[in-house]
């Protein structure tokens, strides 16, 4: 009888070591980019949420939405209170008065919105945008002309930002 020789098929040890090293190297880059992508996604989501709220306030004004049973004489607005909070407010100052078109202590806050801890406002703090019903009038910091640039940034990396441009025609644009 003839003995059959068994042949062991497999990878040499050096090939296994090199393959494992390549996989570990690529996994490191994927994990690092995955964390950064999560931060960028949060910033994009917070920017889109803010833009959505600006457009919602505009629609509330154009639709003459009532607040506590009456249509606001001065319109609906958004005020960026600090680096992490903005207000949806009712402008209680009539058109033509000195405080109309900007947030003041006499206005009524209808909603307070807080950003995620991973995003902050870095430009535009203290600014307000007011939409007046039923005409599409837009006041930026008390004037009916100009453009407001609001910048949101990552809390962990101030170099990563997103801009939101709002002009006196009511157009809202998400810049870079």
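So that you can scan it fast, the table gives a plain yes or no per residue for (1) farther than 17 Å from residue 171 by Cα; (2) out of contact with any helix residue (DSSP H, G or I) (no Cβ under 6 Å at 6 or more places or on another chain); (3) at pLDDT 90 or above; (4) in a loop (DSSP other than H, G, I, E, B):
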| site | (1), (2), (3), (4) |
| --- | --- |
| 97 | yes, yes, no, yes |
| 100 | yes, yes, no, yes |
| 109 | yes, yes, yes, no |
| 113 | yes, yes, yes, no |
| 122 | yes, yes, yes, no |
| 126 | yes, yes, yes, yes |
| 131 | no, no, yes, no |
| 135 | no, yes, no, yes |
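Failed condition for residue 78, given (1) crowded, with 21+ Cβ neighbours inside 10 Å; (2) out of contact with any helix residue (DSSP H, G or I) (no Cβ under 7 Å at 6 or more places or on another chain); (3) under 18 Å from residue 168 (Cβ atoms); (4) modelled with pLDDT of 90 or more, with all others met?
(2)
Do we have any residue at all in region 64-82 that's closer than 20 Å to residue 154 by Cα, in contact (Cβ under 8 Å) with a residue 12 or more places away in the chain and in a loop (DSSP other than H, G, I, E, B)?
yes
Could you grab me the full set of residues in region 84-95 that are exposed (fewer than 15 other Cβ atoms within 10 Å of the Cβ) and not in a strand (DSSP E or B)? Explain how you work it out, then say what you get.
First, pick out the residues of region 84-95 that are exposed (fewer than 15 other Cβ atoms within 10 Å of the Cβ): 85, 94.
Matches in region 84-95: 94 only.
Can you pull out the residues in region 121-156 that are more than 17 Å from the chain's Cα centre (by Cα) and surrounded by 21 or more Cβ atoms within 10 Å (Cβ to Cβ)?
Scanning region 121-156 gives 130, 131, 132, 138, 139.
Restricting attention to region 157-176, and to residues there that are loosely packed, with under 15 Cβ neighbours inside 10 Å and touching a residue at least 40 places away in the same chain (Cβ under 8 Å), which single residue is farthest from residue 128 (Cα to Cα)?
157
The values are calculated or read from the model by the stated rules, or taken from the named source; none is laboratory data. This structure is a prediction, so every number in the text was calculated from the model and none was measured. Heads up, the Cβs are rebuilt from the backbone with ideal geometry, glycines too, and the neighbour counts pull from every protein chain shown.
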